[in-house]
Amino acid sequence: MKRMLSGIKPTGQLHLGNYIGALRNFVLSQEEYEMIAFIANLHCITVPQDPKELQKNLYDCVALYLACGLDPSKATIFLQTDVMEHAQLGYILCCHTYMGELNRMTQFKDKQAKGETNLSGGLYTYPSLMAADILIYDPDFVPVGEDQKQHVELCRDIAIRMNNRYGELFKVPEPLIPKVGARIMSLTDPDKKMSKSDETNKGCIYLLDPLNVARKKVMSAVTDSLANVHYDPENQPGIANLMQIMSSLSNDRPFGDIEQEFKGKGYGDFKKAVAEVVCNKLEEIQTRYNEITNSNLIEKTLNEGANKARAIASKKLDLVQKKLGMEIVLK
Ligand code: ATP
Ligand code: LTN
């Protein structure tokens, strides 16, 4: 069985972009692949966090993994900090990553360009830790949204470099980017990606938003004056974004089919239909979330997940350290 691995940072509340671009695909993949899904709680402290808020986000993130349909009997679900091998391999990979490569990573460059001061060393070297998260499990595929493609490509380069230098160490994984929904845009500014760090909160639909709030956000989404429900991301980015949301949440319904249904109808009718699809999905997720938070499923899932993950990760770390000559091999 082919293996898949991915993670999400609990830096804030999970939103519809995280669901459509990543989480939904983890859930679909668990049927066909051996799915490993972790919570990247080391990555989130690369920027300052309020400890109380982080704790709440962390808990919700695990609960939402399960509420969105990840099944602990099929997928391995765990916290990054429960498998310490990630950080150790992260350091080793950091020593095999060039500063020139890290300088090219857009996530760091964007923050620097915005003039943000006191950026941490952890933020700078984060792609090496992400490479370790992946390579320590030898996955075949890494399902992520568009913004993470560059990091998975760097991970491949590090794997190839180390395989060439030390002999076969790592499988070289492929990023898996969904055809529709890899970059869900903000509802208030369809040129910007839907993001946890949305200052107004109006452009971002959180998975735990009350349904009336989510409905209002969709109804106020920025569109255009062309009055035509047509898939044209360049000239009608707002409408294209709503079509992507509708399509992904209704079993990848074809755009042509959506265009046909709303031919000659106003944007009001279209938005109402999108809001309906979004609210139905949120309601399903939130009902399950409430059941999970009232059970002991989270603790059990994380304990079992960490044990399974540790067994794989410790073998790989051992192999890497041996191949690099870092361990004493008794004669
Ligand atoms: P944010 O920018 O919203 O804080 P992020 O991309 O920095 O989020 P994560 O929350 O860890 O970090 O992302 C988890 C997964 O969700 C990644 O695979 C990422 O590519 C995907 N993702 C994040 N935002 C979107 C979006 N707007 N559309 C599609 N996929 C997304
Ligand atoms: N960098 C990712 C989260 C992440 C990840 C990973 C994704 C950390 N480690 C390994 C896939 C595989 C993000 O910011 N979204």
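Mind checking which residues of segment 15-34 are within 12 Å of ligand 2 (Cβ to nearest atom), out of contact with any Asp or Glu (no Cβ under 9 Å at 6 or more places or on another chain) and over 13 Å from LEU66 (Cα atoms)? Correct list: GLY17, ASN18, ALA22, ASN25. Taking GLY12 as meeting all but one of (1) surrounded by fewer than 18 Cβ atoms within 10 Å (Cβ to Cβ); (2) within 15 Å of ligand 2 (Cβ to nearest atom), write down the number of the exception. Unmet condition: (1).
Of the residues screened, THR117 is not one that is touching a Lys or Arg at 6+ places or on another chain (Cβ under 6 Å) and either closer than 18 Å to LEU302 by Cβ or not aliphatic (A, V, I, L, M) (or both).
Do we have LEU42 as buried (at least 24 other Cβ atoms within 10 Å of the Cβ) and within 10 Å of ligand 2 (Cβ to nearest atom) here? No: the conditions fail for LEU42. The requirement of being of a type in the set (A, V, I, L, M), near ligand 1 (Cβ under 9 Å from one of its atoms) and surrounded by fewer than 24 Cβ atoms within 10 Å (Cβ to Cβ) is fulfilled nowhere in segment 50-62; no residue meets it.
For every residue, the table says whether it meets (1) modelled with pLDDT under 95; (2) assigned to a loop (DSSP other than H, G, I, E, B); (3) in contact with a Gly (Cβ under 6 Å, 6 or more places away or on another chain); (4) surrounded by 15 or more Cβ atoms within 10 Å (Cβ to Cβ).
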| position | (1), (2), (3), (4) |
| --- | --- |
| GLY90 | no, no, no, yes |
| LEU93 | no, no, no, yes |
| GLY100 | no, no, no, no |
| GLN112 | yes, no, no, no |
| THR117 | yes, yes, no, no |
| TYR126 | no, no, no, yes |
| ALA131 | no, no, no, yes |
| TYR137 | no, yes, no, yes |
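With respect to (1) at pLDDT below 95; (2) on the phi < 0 side of the Ramachandran plot; (3) surrounded by 16 or more Cβ atoms within 10 Å (Cβ to Cβ); (4) in a loop (DSSP other than H, G, I, E, B), the lone exception for PHE108 is condition (4). Only residues that are hydrophobic (A, V, I, L, M, F, W, C), surrounded by fewer than 19 Cβ atoms within 10 Å (Cβ to Cβ) and more than 28 Å from the chain's Cα centre (by Cα) were counted in segment 212-242, giving 2. Looking only at residues of segment 178-193 that are within 13 Å of ligand 2 (Cβ to nearest atom) and in contact with a strand residue (DSSP E or B) (Cβ under 8 Å, 6 or more places away or on another chain), we find that the one that is nearest to ARG24 (Cα to Cα) is ARG183. Residue pairs whose Cβ atoms lie under 9 Å apart, sitting 6 or more positions apart in sequence or on different chains, and linking a residue in segment 118-129 that is touching a residue at least 40 places away in the same chain (Cβ under 8 Å) to a partner that is surrounded by 13 or more Cβ atoms within 10 Å (Cβ to Cβ) and among the basic types (Lys, Arg), are LEU123/LYS111. Scanning segment 188-196 finds no residues that are touching a helix residue (DSSP H, G or I) at 6+ places or on another chain (Cβ under 8 Å), of a type in the set (Ser, Thr, Tyr) and more than 13 Å from ligand 1 (Cβ to nearest atom). Restricting segment 116-142 to residues that are of a type in the set (Asp, Glu) and more than 13 Å from ligand 1 (Cβ to nearest atom) leaves a set whose member that is nearest to the chain's Cα centre (by Cα) is ASP140. Listed by position, the helices (runs of 4 or more DSSP H) contained in segment 207-269 that have at least 2 residues being more than 26 Å from LEU14 (Cβ to Cβ) are 255-261. Filtered by the rule that a residue be more than 20 Å from the chain's Cα centre (by Cα) and within 21 Å of ASP224 (Cβ to Cβ), segment 243-255 gives MET243, PHE255.
Number of residues in segment 143-177 that are more than 16 Å from ligand 1 (Cβ to nearest atom) and under 16 Å from the mean Cα position of the chain (by Cα) equals 0. Of note, ASN164 satisfies the criterion of being exposed (fewer than 14 other Cβ atoms within 10 Å of the Cβ), free of Cβ contacts under 8 Å to residues at least 60 places away in the same chain, under 27 Å from MET326 (Cβ atoms) and of a type in the set (S, T, N, Q).
The values are calculated or read from the model by the stated rules, or taken from the named source; none is laboratory data. Just so we're clear, the structure is a prediction, and the values are computed from it rather than from any experiment. All Cβ positions, glycine included, derive from the backbone under ideal geometry; neighbour counts span all protein chains shown.
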